[in-house]
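Step one of this worksheet: look at the structure below.
Bear in mind that the values in this text are calculations on the coordinates, not laboratory data. In this text, all values refer to a predicted model and were calculated from it rather than measured experimentally. All Cβ positions, even for glycine, are placed from backbone atoms using ideal geometry, and neighbour counts span all protein chains on display.
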Amino acid sequence: RKEVEQDPGPFNVPEGATVAFNCTYSNSASQSFFWYRQDCRKEPKLLMSVYSSGNEDGRFTAQLNRASQYISLLIRDSKLSDSATYLCVVVMNTGFQKLVFGTGTRLLVSP
Amino acid sequence: GAVVSQHPSRVICKSGTSVKIECRSLDFQATTMFWYRQFPKQSLMLMATSNEGSKATYEQGVEKDKFLINHASLTLSTLTVTSAHPEDSSFYICSARMPGRGQTYGYTFGSGTRLTVV
């Protein structure tokens, strides 16, 4: 079983749609969680951290369910510029706080 | 703030040669830097963790004699791919933890190096 699993997609949605991505992780000792965005052939960029209480940043909402080892990302009012691959990232509770990446979920927003 | 500069962005080399990739933290000190490799349509895979002033920690299956890591200062880590072969062609990317506190920290990435071995 992969340490971090995501549906690779692609998710094809029209502008203005709401779309949700899910991610599961296998190591219950994981301590921190993030969503990153990666554009084609570029480096990942931090989108937001994910907290148990849930957090929102504009059109983006992230949720963490530690009991189910499940993370979600909701994007409201999708824009064309949201087209990218969204990476679920889990920080393992090791000495160097190792990041483990999911394979990413690809989002395509069309006009 | 918290920028990591990675060079070169793209390199093409002949099989059997060595390639050095540099990552510099421009406005903060990075005691630990991570090196990843990403093959097409795959996730980033951690290769090694680089620590300033000590030996790097390699992930299982990564040859430490082939991928030489040096972290000589708090702002510079290098990855040298020795005796490169076509199967080493990949996107190599470094990362450092951004200075912060509480749960708001994250990790900043270099812009990546696309290596093609011919």
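Can you pull out every residue in segment B:58-102 that is hydrophobic (A, V, I, L, M, F, W, C) and either more than 16 Å from B:Thr32 (Cα to Cα) or touching a Lys or Arg at 6+ places or on another chain (Cβ under 7 Å) (or both)?
Within segment B:58-102, B:Val62, B:Phe67, B:Leu76, B:Val81, B:Ala84, B:Phe91 meet the criteria.
Do we find that B:Arg37 is among the charged types (D, E, K, R) and closer than 20 Å to A:Val91 by Cα in this structure?
Judged against the criteria, B:Arg37 is a match.
Could you check, for segment A:56-75, whether at least one of its residues is loosely packed, with under 13 Cβ neighbours inside 10 Å, of a type in the set (A, V, I, L, M), farther than 28 Å from B:Tyr58 by Cβ and in contact (Cβ under 8 Å) with a residue 60 or more places away in the chain?
no
Return the residues of segment B:26-57 that are in a loop (DSSP other than H, G, I, E, B), polar (S, T, N, Q) and either touching a Lys or Arg at 6+ places or on another chain (Cβ under 6 Å) or within 29 Å of B:Glu87 (Cα to Cα) (or both); say none if nothing qualifies.
B:Gln42, B:Ser43, B:Ser54
Return only the number of the condition from (1) part of a loop (DSSP other than H, G, I, E, B); (2) surrounded by 20 or more Cβ atoms within 10 Å (Cβ to Cβ); (3) within 14 Å of the chain's Cα centre (by Cα) that B:Ile69 does not satisfy.
For B:Ile69, the failing item is (1).
Can you find a residue in segment B:87-95 that is surrounded by 14 or more Cβ atoms within 10 Å (Cβ to Cβ), facing chain A (nearest Cβ under 10 Å) and over 22 Å from A:Lys98 (Cβ atoms)?
The answer is no; no qualifying residue exists.
For (1) over 22 Å from B:Trp35 (Cα atoms); (2) part of a loop (DSSP other than H, G, I, E, B); (3) free of Cβ contacts under 8 Å to residues at least 12 places away in the same chain, each residue gets a yes or a no:
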site	(1), (2), (3)
A:Val13	yes, no, no
A:Phe21	yes, no, no
A:Ser28	yes, yes, no
A:Tyr36	no, no, no
A:Lys42	no, yes, yes
A:Leu47	no, no, no
A:Ser53	yes, yes, yes
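Please specify each residue of segment B:53-74 satisfying the condition of being within 20 Å of A:Gln97 (Cβ to Cβ), among the polar types (S, T, N, Q) and touching a strand residue (DSSP E or B) at 6+ places or on another chain (Cβ under 7 Å).
B:Thr57
Only one of A:Ser78, A:Ser68 is more than 20 Å from A:Ala29 (Cβ to Cβ) and outside any strand (DSSP E or B). Can you tell me which?
A:Ser78
Of the conditions (1) part of a loop (DSSP other than H, G, I, E, B); (2) within 14 Å of chain A (Cβ to nearest Cβ), B:Cys23 fails just one. Which one is it?
(1)
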